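Some notes on the structure that comes next.
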Amino acid sequence: MSTSGLFRFPAPLTRVCPVPWGLRLCEKLLLLPPGTVATLVQAAGKKDRPALLSLDEHELEEQFVKGHGPGGQATNKTSNCVVLRHVPSGIVVKCHQTRSVDQNRKLARRILQEKVDVFYNGENSLLCREKREAEKRKQERKKRAKETLEKKKLLKEQWESSKNVPGEDCRF
């Protein structure tokens with residue numbers, strides 16, 4: 001996602017500037033024209049996630065091995081499967097989700113970052129907290145569905161009992 005989607009500019013000062021990809025957010029803000037006011041806006045559907053532990057490149061061992069699985073010669077003969085090993089913890093991640101080595105490297109680093117976070121932080125890691133929150137939301141949805149079903153049954157029973165009461169005619 002480009003940085004232009006993250007900023008909301010006032011109407012008279014709206015200006016889209018191409019920004020080099022390798023820069024951090026604070027460096028990108030410096031590239032805005034003077035006098036332009038920019039406010040950071042959360043992207044639609046994205047939560048504000050705290051950053052995971054950063055990985056030092058000198059702590060990683062990276063290998064490229066031949067792929068496996070369906071795809072025939074295109075996957076079985078090219079070395080685009082990435083094997084990343086975090087030396088201090090001994091965690092190994094193997095990633096062969098795409099045919100691109102660069103994308104597999106990025107995906108492997110993200111997966112390794114999550115696994116290292118779980119290794120060092122345990123139950124307090126970001127991944128575990130998200131799983132707990134998802135389980136809690138699931139339980140709440142189940143509870144609401146059960147309550148709704150109970151209300152429907154009760155309403156149906158009341159309707160059936162009022163329908164079968166002798167001596168009452170419901171004529172309009």
Q) Amide H of Thr78: which non-local residues (sequence gap of 5 or more, or other chain) have their own amide H closer than 5 Å, using H built in the peptide plane? A) Gly67
Q.
Rounded to the nearest 20 debye, what is the charge dipole size of the stretch 77-166 about its Cα centre when +1 sits on each Lys and Arg Cβ and -1 on each Asp and Glu Cβ?
A. 280 debye
Q | Phi to ³J(HN,Hα) by Karplus 6.51 cos²θ - 1.76 cosθ + 1.60 over the stretch 121-131, Hz, x for Gly, Pro | A | 9, x, 5, 8, 6, 4, 4, 5, 5, 5, 5
Q: Pop out the ³J(HN,Hα) list for the stretch 102-115 in order, Karplus 6.51 cos²θ - 1.76 cosθ + 1.60 with θ = phi - 60°, rounded to Hz; leave Gly and Pro as x.
A: 4, 5, 5, 5, 5, 5, 5, 5, 5, 5, 5, 4, 5, 5
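Determine the per residue accessible area of the stretch 48-136 with all protein chains present and a 1.4 angstrom probe, expressed in square angstrom.
On the way: 5950 Å² over 89 residues.
Dividing the accessible area of the stretch 48-136 by its residue count gives 67 Å².
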Q: Would you list, by chain and number, the lysines whose Cα falls below 21 Å from the Cα of Lys115, excluding same-chain residues fewer than 8 positions away?
A: Lys47, Lys94, Lys106, Lys131
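The values are calculated or read from the model by the stated rules, or taken from the named source; none is laboratory data. The shown structure was predicted, so the numbers you read here are calculated from the model rather than taken from an experiment. Reconstructed Cβ throughout: ideal geometry from the backbone, glycine too, with neighbour counts over all protein chains shown. Keep in mind that these areas ignore ligands, DNA and RNA; they rest on the heavy atoms of the full protein, side chains included. Shrake-Rupley method; radii C 1.70, N 1.55, O 1.52, S 1.80 Å.
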